[in-house]
Amino acid sequence: MAPTIAPGTTKIGWIGTGVMGSSMCGHLIEAGFSATVYSRTPSKAQGLIDKGATWADSPKAVAAASDVVFSIVGFPADVREVLLSENGALAGSKSGNILVDMTTSDPSLAVEVAEAAKAKGVASVDAPVSGGDVGAKNGTLSIMIGGEKDIVAALQPCWDAMGKTIVHQGGPGCGQHTKMVNQILIATNMIGICEALLYGHKAGLDLPTVMESVGSGAAGSWSLANLGPRIMDNNFDPGFFVEHFIKDMGIALDESKAMGLSLPGLALSHQLYLALQAQGHGRDGTHALALALSSLSGVDWKARS
């Protein structure tokens with residue numbers, strides 16, 4: 001039987017307080033959940049501590065103090081470390097606890113975590129998200145969920161605090177596979193956005209005026225509406241890091257290869273982002289692709305008038 005999860009009674013843990021995690025955990029605290037938090041960089045958790053969260057010195061200690069533990073870290077190796085190592089959350093969990101990993105990670109690792117958790121009487125859910133820093137701050141994320149149906153349903157008060165579009169996709173790993181679909185869609189869309197803005201600039205058009213014409217039609221998209229203005233303003237601060245997107249595309253390419261799929265658009269985007277990273281933009285936002293594409297044509301995007 002799934003536990004009853006509710007603010008004021010359920011104790012949550014949170015591992016990973018970066019661009020996304022801080023806002024997401026903050027929404028849970030604001031919804032009335034008490035929280036214990038851990039981050040590799042303690043200073044990044046200070047804002048949550050100021051809101052009433054308790055600091056723990058390891059993922060294991062977070063789990064020992066919590067009923068439900070959420071994690072959102074960088075790479076699959078980080079997921080393995082914070083969940084499955086000797087100081088990981090599973091080691092500190094007791095029967096009946098729930099682990100919810102919201103990192104974009106390997107579908108196969110999500111299955112592995114679920115199997116290891118089940119052997120200890122712990123439930124595991126993979127729940128990667130889309131919406132970037134804006135969605136995290138506004139509590140409007142799309143959450144793609146893999147795991148047992150009753151556990152996913154019991155977590156509804158948590159999903160409601162963090163997201164707007166919440167869909168149970170199937171068993172362990174299905175949330176991660178759905179996120180790969182999401183990332184493949186974004187990969188080539190971002191090329192189109194950056195190339196289109198580069199074209200408009202070179203043609204001498206006023207880009208904000210162009211956006212008025214194209215943003216609400218068939219060419220419109222979330223990325224164009226939210227990241228297009230940032231590109232035009234030379235604001236490449238990360239809503240989602242280039243290096244993390246490269247990781248995601250690598251996972252999607254590996255999964256595609258295993259399924260016998262050829263995805264040339266995804267492969268092209270992956271190569272362009274690797275070039276962007278090589279140019280020193282790995283910690284910028286994904287929309288910084290505009291810089292790599294403009295350099296191919298000899299255009300200094302940041303210096304344009």
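The values are calculated or read from the model by the stated rules, or taken from the named source; none is laboratory data. These numbers were taken from a predicted model, which means no experiment stands behind them. Cβ atoms come from the backbone with ideal geometry, glycine included; neighbour counts cover every protein chain shown.
Just one of the numbered conditions (1) touching a strand residue (DSSP E or B) at 6+ places or on another chain (Cβ under 6 Å); (2) not assigned by TED's automatic domain parsing to the domain that holds residue 139 is not true of residue 5: (1). Provide a single number: the residues in region 219-241 that are in a helix (DSSP H, G or I), modelled with pLDDT of 95 or more and not aliphatic (A, V, I, L, M). Result for region 219-241: 3. If I filter region 205-224 down to residues being of a type in the set (Ser, Thr, Tyr) and more than 27 Å from the chain's Cα centre (by Cα), which single residue comes out as nearest to residue 141 (Cα to Cα)? Applying the filter and picking the extreme gives 213.
Would you call residue 91 touching a residue at least 24 places away in the same chain (Cβ under 8 Å), in contact with a Ser or Thr (Cβ under 9 Å, 6 or more places away or on another chain) and surrounded by fewer than 18 Cβ atoms within 10 Å (Cβ to Cβ)? Yes; evaluated as a whole, the condition is true for this residue.
Among the conditions (1) crowded, with 22+ Cβ neighbours inside 10 Å; (2) within 21 Å of the chain's Cα centre (by Cα); (3) under 24 Å from residue 178 (Cα atoms); (4) of a type in the set (A, V, I, L, M), the only one that residue 111 does not satisfy is (1).
Where helices (runs of 4 or more DSSP H) fall entirely within region 242-305, those with at least 1 residues that are out of contact with any helix residue (DSSP H, G or I) (no Cβ under 8 Å at 6 or more places or on another chain), farther than 24 Å from residue 128 by Cα and in the same structural domain as residue 186 (by TED's automatic domain parsing) are at 264-276, 289-296. Of all the criteria given as (1) within 30 Å of residue 105 (Cα to Cα); (2) crowded, with 20+ Cβ neighbours inside 10 Å; (3) among the hydroxyl-bearing types (Ser, Thr, Tyr), the one not satisfied by residue 262 is (2). Here is the figure for region 41-56: residues that are without any contact (Cβ under 8 Å) to a residue 24 or more places away in the chain and either crowded, with 19+ Cβ neighbours inside 10 Å or closer than 12 Å to residue 14 by Cα (or both) total 3. Residue count for region 172-218 satisfying the condition of being closer than 18 Å to residue 105 by Cβ and in a helix (DSSP H, G or I): 13. Taking the listed residues 74, 146, 132, the one that is more than 25 Å from residue 242 (Cβ to Cβ) and among the small types (Gly, Ala, Ser) is 146, with no other qualifying. Here residue 3 clears all of (1) surrounded by 15 or more Cβ atoms within 10 Å (Cβ to Cβ); (2) modelled with pLDDT of 95 or more except the condition numbered (2).
Would you check if there is a residue in region 46-54 being under 30 Å from residue 253 (Cα atoms) and either among the hydroxyl-bearing types (Ser, Thr, Tyr) or touching a helix residue (DSSP H, G or I) at 6+ places or on another chain (Cβ under 9 Å) (or both)? Checked region 46-54: no residue is under 30 Å from residue 253 (Cα atoms) and either among the hydroxyl-bearing types (Ser, Thr, Tyr) or touching a helix residue (DSSP H, G or I) at 6+ places or on another chain (Cβ under 9 Å) (or both).
Scanning region 161-183 for residues that are at positive phi and surrounded by 19 or more Cβ atoms within 10 Å (Cβ to Cβ) yields one hit, 173.
Filtering region 121-158 to residues that are part of a strand (DSSP E or B) and either at pLDDT 95 or above or in the same structural domain as residue 237 (by TED's automatic domain parsing) (or both) leaves 123, 124, 125, 126, 129, 141, 142, 143, 144, 145, 146. Output the qualifying pairs, or none if there are none: Cβ atoms under 8 angstrom, residues six or more apart or on different chains, first residue in region 216-232 and without any contact (Cβ under 8 Å) to a residue 12 or more places away in the chain and farther than 15 Å from residue 304 by Cβ, second residue among the hydrophobic types (A, V, I, L, M, F, W, C) and surrounded by fewer than 17 Cβ atoms within 10 Å (Cβ to Cβ). What qualifies is 220/214.
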